[in-house]
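A short worksheet on the structure shown next.
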Amino acid sequence: MTSSVQTDFNRLKTVCVPLLGASRLTPSSAKTTINLLTELGKILGDIPPENLTSNLISYVFLPVSTILQRNSSQDIPDQILEKILDVMRFLVESWWWSCEIKVWEQVFMLCGSVIGGIDGKSNGKGRSRDDETKEAATRCLLALLRPRTIDEATRRSLPPYESDNRLSEFQDHVQNSKFVPVLGQTLDAVLNSASSQHIPLQTVSLDATFLLVDLYLPDLLIPSVLPGVVSTATKICLGFPHSKGWANGDIVARGLKLLQSVVQKAIGDDVCLKDGALRRVIDLDDLVSTLETPQTSVPDNVPTYGTKRTASWLRGTASQLHIAINSLTPLISHPNSSALNALSNFSAVIIRRTPLSLPQTQPLLLSFLLSLSSSDLPSVSSEATQHLTNLLTVPSDARIPLQHTLMTNLGENLSALPRLISTQSDARVKHAASMIDAVCRLAAGKDPQGNLLGVATGIGKLLGPSGGVEKWGWSLLSVLEIVEPPITVTQVSEAQLALESSEDTAQSLQMFHSLGAAAGDSCLFTVEWFTRLGRSGVDSFSVAALWCACRLLEGLARFSLSEFNPASLAHVQCSRRAEKHARTLAKTIAETWEKTDEIHTPTSESHKQAENDKEFFVQHQMGVIPLHETLKITRATPPETRKKQQPIIHRALCLQLIATSAGITQGRFDPLFIHTLYPVLHSLVSPVSFLSSTALATLNFITIATSYASSANLLLSNFDYVLDSVSRRLTQRWLDIDATKVLGVMVRLVGAQIVEKAADVVEECFDRLDEFHGYGVIVDALIEVLTEVIKVIEIETASTSPPISISNPPINAPHKARLEDFFKYLPQRFEEQIEVDDKDYGPAPRRAWGETEAETEDAEDADDEMLKATPATDDGPLPTPIQLLTKQIISRSIYFLTHDSPAIRARILKLLTSSVPVLPESVLLPSIHSAWPFILNRLGDSETFVVSAAAGLVEALSRHAGDFMFRRLWDDVWPKFRSMLRDLERGEEANALTRSSTAGARPESAYTHSHRLYRSLLRTMTLALKHVHEHEISFWEVIVSFRRFLSDRVHAELQQCAVDLYTQAGMSNPDAVWLLLVASIDNVDPVTDFLRSSWGIEKNASVILKSME
């Protein structure tokens, strides 16, 4: 230890000796002095404080004090004084333990004079020191005032209590009446420095002010300085008057810490009770004593600087202090977490320390904590919540009053919410909703000891039968308006159920969730009240009621449809009462779909009628006529009595209630499928995208909640329920057109698994077709269901078995001659003669030689027995159940080919087309054969789309049953196609739009009926040439008739179809195609001049000829 002290002394000596010689400041020596003081500060900074002995401190203090003594204050530059104060700060850190009181006092006064500018104003000509010098003086003062810890005493080999003893000595000295003026002057100087714009000076000044107030000011002096300290601290926290934005977060934290200390020391319950300004009431005796004149116990010798704490002083100070604390309200929105945490701690401490002295400020401070507990910053919200929990659970004088204040705050905010919403003040609405949410989250939090049970009970009463929901509920519903959100197509859009999108609505959503979670089963009364109002109509009032009921129910179950996580359902734990209520609610809501009233929007006529009602409004008044009515200054308008109808949102919210009920009951929801599945599927087929997407999300949510693997499995397991609901709505007593759509969407959702139940669906459809065959709308819808069944069967057939291939065995088609054979035969026709044997050999035997008649009969009997023993295989294998079902659909649908509605005729044709790939030849062709005359008639239908559908059926039959279609195509179909082509061509020649084009069908005709019909004819004949045996005469007619579609002036789509047709024809008979195309574009011989055309087919013809090479 001695060697280190000696080393430190040698280092200090090299600086102190020259510094002592330069103690007299002159302009020439000022720079040297600054350098020496800087070096001295670095050396002291390197030496640990416990190594600075008293001798070393005295050795260093000598040159420093000499500079101060030999030079007047105004002659010492700011930079040198700053360095001197920095050196003094290093010395005071260690000198605090051993210096005399007089030395401590002199250093204190020196720092105070520099901070307050007294040293430069002693002769009336001084100037104020700069901020850096004041900062150095304040840091030195802070080192002088700072209490030392036990660890610092231990490092100096001192007893642990020595730090407290030393601090007590200084406190006794400064609280002396002779030193109090100096203390007050120093406090005023430091407070003024705390208002500086220099952040370091402001920071250290606030720290020094806090130590002065917290440790050194006499108890009777604190009430005197309370107004000044509070005023300065609040201005600093709010950034007045210098800052235009938010004050620095650390500055705000230090300002609130100072404010907290001075308030609890000046007006805390303990000091007010001690001085008699307050009376604590614990029992009846205390209550009686408060009626008597209180005897204020004030010390006999009250110093002149002191202020007596009396009841009147307390009332006046408390009101002024409330105003000051209320001015801190903007700090709730401060962006810095340090400031927010400091505000949270300030509010908690003042609430705990002043429940009796500042009762009117308790709600304000509580609102600070509630707002901060809803902060977006996790550190702030968690700390504020912890403070609230401690205040409400730890026994204290503030606990019981605070619980009462908390419930009062909740009721006031809930009552004020409708008024704030009507003013369209989003910030105030958000604030009120966050306050309600904070109270409810506090009550719904973990509380093993049950200390917060009173808060939860209070919330339960508010939402229970005695809570007055009729009062605040009506006013809230009158201002709430739920609007349909825009549909956004995203990957998870079908899983989103909520109507909420804006930040304010999300805050209201969270508020209702918290209310439901905190109230528990007690909120079921309010849920039932809102639901009853919601079921009374479909206006905006009822929609808002359903929204509130759904959100409360979500809060009770502790999950949210808007932010759904499947894992959250595993933690849902609801009481039997809640589950029973949810089951009843789901059944009741599902009955909404039992109403026969259609969802509609008000028509223009209803609006017009409403305007007329307003125009002829009659108002009856009694008494004096108002002046403005007489002068017609303003026109009196009748109150708006019509409510906005929102049936779509009403249905969507009903679906959300069903989904929420499923989330609460989960496995016990299965018996309710008989009531709830049809409403969900009915909404799923809605033309409104928002309602249909909500229904799909509801179905997915119910699937997850009831633990089904998929929606298809759920519908398949409860297939009978849906079919029964559809059947009940397709009767003469109750006819719902949408029921058929529900059946179709169920088939589509279940998919291939519906094949097992498809027979029931088909039977139901045909029963209704027999009953309502005269109603085109119903027939069309039922045929659509059958089409869906055929599509599902087609998918199932394709996935479970290879496609059915119908063989095309050779038939006795006309022989097709080839030009190669003709040219080969032509030069050799005279060279070879066929030899004919004209010799008569007499009669020839009629049977084979060597067999007798008996042997022949025996052989024929054996063949007959073999045929009987061998099973017949000509008809192929027996039809499967799926094929039999398809056959039933086809055979019973054929009769509708002659229906009055062209849409139904077209739909039946498409149904037949879809069944062609599914059925084998033995099942399909008999039905087609019996319906063939009706199919031919449809080729001559007046509606183009029916003709196109019939052509599509012919196309499918040509692909899968070419042999069957050979004679039918060339003898029956092609003549009709040929006549249609001629009729269309004559019609285009008479049409001004197509007459200007040589080829007829111009590019502008892409959306005409003729274009669609041309396309169907081209595609049908292309497949006919590919899959049906060629008929030579008809083949030539086909390729001649479709030449004009190769023109480059025809629509591109028709050109491509024509190229495909001729390419396929070239594969069947290249000679005929070559001859036709070459003769059409080149006059090669006068014999083929009749084939010459002016359509401009050269480009497409060259493409076809090239493909034939």
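Quick check on segment 721-746: of everything there that is touching a Lys or Arg at 6+ places or on another chain (Cβ under 8 Å) and not in a helix (DSSP H, G or I), which residue is nearest to P687 (Cα to Cα)? Of everything passing the filter in segment 721-746, D736 is nearest to P687 (Cα to Cα). Filtered by the rule that a residue be small (G, A, S) and not in a loop (DSSP other than H, G, I, E, B), segment 678-720 gives S683, S689, S692, S693, A695, A697, A705, S711, A712, S717.
Is it the case, given these coordinates, that T66 is in the same structural domain as T133 (by TED's automatic domain parsing) and either surrounded by 14 or more Cβ atoms within 10 Å (Cβ to Cβ) or assigned to a helix (DSSP H, G or I) (or both)? Yes.
Could you identify the single residue in I76, I47 that is surrounded by 15 or more Cβ atoms within 10 Å (Cβ to Cβ), more than 18 Å from A143 (Cα to Cα) and of a type in the set (A, V, I, L, M)? So that I can check it myself, show each step before the final result.
Details: I47 fails: more than 18 Å from A143 (Cα to Cα).
From the options I76, I47, the qualifying one is I76.
What number of residues within segment 1057-1096 satisfy the criterion of being in a helix (DSSP H, G or I) and modelled with pLDDT under 65?
Step one: of segment 1057-1096, the residues in a helix (DSSP H, G or I) are 1057-1068, 1070-1081, 1086-1091.
Now drop any that are not modelled with pLDDT under 65, which leaves 1086-1091.
Residues in segment 1057-1096 being in a helix (DSSP H, G or I) and modelled with pLDDT under 65: 6 in total.
Quick test for you: out of L515, L477, L462, pick the one residue that is farther than 26 Å from D376 by Cα and modelled with pLDDT of 85 or more. So that I can check it myself, show each step before the final result.
On the way: L515 fails: farther than 26 Å from D376 by Cα; L462 fails: modelled with pLDDT of 85 or more.
None of the other options fit; the residue is L477.
Going by what's in this entry, would R89 be described as surrounded by 15 or more Cβ atoms within 10 Å (Cβ to Cβ) and either outside any loop (DSSP other than H, G, I, E, B) or modelled with pLDDT of 90 or more (or both)? Against the criterion (surrounded by 15 or more Cβ atoms within 10 Å (Cβ to Cβ) and either outside any loop (DSSP other than H, G, I, E, B) or modelled with pLDDT of 90 or more (or both)), R89 qualifies. Selection within segment 369-390: residues that are among the small types (G, A, S) and part of a helix (DSSP H, G or I). The member of this set that is farthest from the chain's Cα centre (by Cα) is A384.
Any residue at all in segment 190-202 that is hydroxyl-bearing (S, T, Y), under 28 Å from A348 (Cα atoms) and assigned by TED's automatic domain parsing to the domain that holds E93?
Narrowing segment 190-202 to residues hydroxyl-bearing (S, T, Y): 193, 195-196.
Remaining after also requiring under 28 Å from A348 (Cα atoms): 195.
Checking the rest, the ones that are also assigned by TED's automatic domain parsing to the domain that holds E93 come to 195.
Yes, the conditions are met somewhere in segment 190-202.
Applying the set (1) surrounded by 15 or more Cβ atoms within 10 Å (Cβ to Cβ); (2) within 27 Å of T307 (Cβ to Cβ) to A136 leaves exactly one unmet item: (2).
The values are calculated or read from the model by the stated rules, or taken from the named source; none is laboratory data. No experiment lies behind these values; they were computed from the predicted model shown. Neighbour counts are summed over all protein chains in view; Cβ atoms, including those assigned to glycine, are modelled from backbone coordinates with ideal geometry.
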